[in-house]
Structures are given as C-alpha cells and as structure tokens.
Amino acid sequence: MKILIVKLSAFGDIIHTLPALNDLIQRPEVDEIHWLVDSRYAFVTDVFPEQIQVTKVDLKGKSPLKSAWQTIKKLRKEKFDAILDLQGLIKSGAIARAIGSPVFGFDRNHLPESPNRLFTSPVSFHPEEKHVVQWYRRIAAGPFLTDPEQLPSTPFAYTPPQITLPKALREQAPSLLNELDLEAGRYVVLNMGGGYATKRLPDTTWRKTARNIAEKGLTPLLIWGNEDEQKRAMIIAGNDSMIRVMPRRLETGSLCNLLSACHTLISADTGVLHLAATLNVNTISFWGPTQPDTLGPLGQNDRHLIAPVDCIGCRKRSCNDFICMPKITPEMLLTNLKQR
C-alpha cells in the first residue's frame, strides 16, 4: 500500500505528526510512504526516518501556482492508494484531491478551514481525543477503517513525538559545543522565536530571566530564527558578558545537538519547543494564545506556564489588549528550572 501525507507546515505542527507517521511505518500493509511539504519547512523533514520520500512544493515563491501544478502532476504518477490531509486547509485539501483519492482528513467539528470538506473524506474523532497528536493518529488510521465516519469506541492515546538522531550526527555534538565554548548540561537555551507577536515574552522579561540564570551559575544562551529575532536577542543581551547570543542560525541537525546537551530550554509554543521535547530535553514553555492541553508537549520533562488571564487560548495573532505574556514573570520561569 502506498500512502501520501500532505502536511505542508509549520515546524511544530510537523513534529506533532511523528506519532501518526510511526503508526503507518509499523503497519505491515504499508509498503511506501511519501510526504508533501512546503519548501520553507522542508528542513523539519531532516529528522524523518530515511524511508520517507519527501516532495517539496514552493507555495510562497515567485510562481506558487506553477509549482503546485508541477508537483500535482509529478505525484499523480505515483498512484497512491490513500492520501492523508493532515493540514485541513483549503489549499492542502485542493492539492491532495488533485493528486488522487481517496483523501482522508479532519473530523468536521475540528476542521481548521471548513471548505476543506469539499475535498476530503472526514475521519471521526473520539470525544476524548483533545490533542492534535491524537487527531493526526486518528486520520492516519482512516484508510484502514471499515467506516471512518463512525464514532470510535475508544480514543487513541497521546504518544509523545520522538526522534532518534543518527550516530554520525550525535558524534558532531562535542565539536559544536567546543566551537560555541559551552559545557554540556551547564547552559540554558532561551528561544526568542514565536510565530506571531502574541506568543512572545517582553524583552524585559527575557533580560531578567537570562540574568537570573547566569546568577545561578548557568550560561543563558539566546537563540533566534530570523533577523528580527537576532536583533532582539542582541538588544536583550546588551553589554552583559554573562548573556550569550547564538552567533548563527543552526541547521536542524546542529540544533538537535545543541538542544540535546542543554540543561533546559525555555520557549513559547514554537517548533523549537516541540523539537526539544522529542529529544527528552527539560522544557519550560509559556502559553497565552494557544493551550498546552491541545498543542503542548506532554512528556515527563515538560513544564507549562499558563498566563493567568481569562482570555487564554484566544488564538489571536495580534491583540489590542495584550496582557497574557506580560503576566509570565521571570520568577515563574525560574521556579520551574530544575536543579542538576
């Protein structure tokens, strides 16, 4: 059986699909698995098992329609037995359906964009399936169910996404730490990222948190993913020699090595957080517009700080009354920092 997964973006969302991918790999009737990803997020597929065949589509380039059509024509030739739309958007559904059928997708009550139902066959979720990891696992089971729309009798369990770094990649970790003058287990990674503004801590919170970490004898390391975040990190560090800023943006493998050897990662709900969780790193995450019971890593090493506001989980990308992130204090973050 040949399966295509359509999951175009984004970083953390792709990480959430790993348990569903593992379910498919373990099915003896599945011979071949393909994955369609937006080229901007293809770097995430570096952590996939080697047997997954990845196709990139450039949906934000100069000719997105041309790229989509060329990709559709290419993948049609594969003649997939089933396609899984794990994105739930109009564009993902349309592309998936143009490639072939049947296309299995979200429960009608959980569709991110309701017109997606025009292109996909829904797979019903169990009422106790609250986390996106469970939803993706349910959709991945769709092609093997007699009636995917029938309400399931039991829920899929939440399974923490996990990756195993190849030996060659693990062996590069000491040289990376030596280059950065870092000692394994003695630095705390502070992730400046946040897909939109309402996920980001105030700079003053980051600065005080970093300083308090340094006073505990650990090295605070600010990491960033784009130029704006890099500028913020430099402003936060200022002239404080105790606060380090990552000198360059790391590729996925090097980022895994950096995270694997750290004491703790402190982060918003971002791809870096979810990648760290797959490596069993200690994480402290803070939540406002999104909620950990649906999107958060739920492993034993993951601690969540939920902003003490009534509007938690609003999903807003901008806000005229931005109160949630300012409610997360350095003291709250440091209280959750485990001692080693």
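The values are calculated or read from the model by the stated rules, or taken from the named source; none is laboratory data. These figures come from a predicted structure and were not determined experimentally. A quick note on method: Cβ atoms are made from the backbone with ideal geometry, for glycine too, and the neighbour counts reach across all protein chains shown.
Miscellaneous remarks
- Residue among Pro143, Pro148, Pro152 that alone is touching a strand residue (DSSP E or B) at 6+ places or on another chain (Cβ under 7 Å) and either farther than 25 Å from Phe80 by Cα or outside any loop (DSSP other than H, G, I, E, B) (or both): Pro143
- Of all residues in the stretch 25-45, those being hydrophobic (A, V, I, L, M, F, W, C) and either surrounded by 22 or more Cβ atoms within 10 Å (Cβ to Cβ) or not in a helix (DSSP H, G or I) (or both) number 6.
- If you check Leu273, Leu298 for being in a helix (DSSP H, G or I) and under 28 Å from Ala157 (Cβ atoms), only one passes: Leu273.
- Number of positions in the stretch 171-226 that are small (Gly, Ala, Ser), modelled with pLDDT under 95 and in contact with a strand residue (DSSP E or B) (Cβ under 8 Å, 6 or more places away or on another chain): 1
- Annotation for the stretch 320-337: no member residue is closer than 17 Å to Tyr187 by Cα, out of contact with any helix residue (DSSP H, G or I) (no Cβ under 7 Å at 6 or more places or on another chain) and of a type in the set (Lys, Arg).
- Residues in the stretch 54-93 that are outside any helix (DSSP H, G or I), at negative phi and exposed (fewer than 13 other Cβ atoms within 10 Å of the Cβ): Lys60, Gly61, Lys62, Ser63, Lys77.
- Of all residues in the stretch 301-340, those that are of a type in the set (Ser, Thr, Tyr), in contact (Cβ under 8 Å) with a residue 24 or more places away in the chain and assigned to a helix (DSSP H, G or I) total 0.
So that you can scan it fast, the table gives a plain yes or no per residue for (1) in a helix (DSSP H, G or I); (2) surrounded by fewer than 21 Cβ atoms within 10 Å (Cβ to Cβ); (3) not assigned by TED's automatic domain parsing to the domain that holds Asp269:
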site	(1), (2), (3)
Leu182	no, yes, no
Thr204	yes, yes, no
Lys208	yes, yes, no
Arg211	yes, yes, no
Leu221	no, no, no
Gly225	no, yes, no
Gln230	yes, yes, no
Met234	yes, yes, no
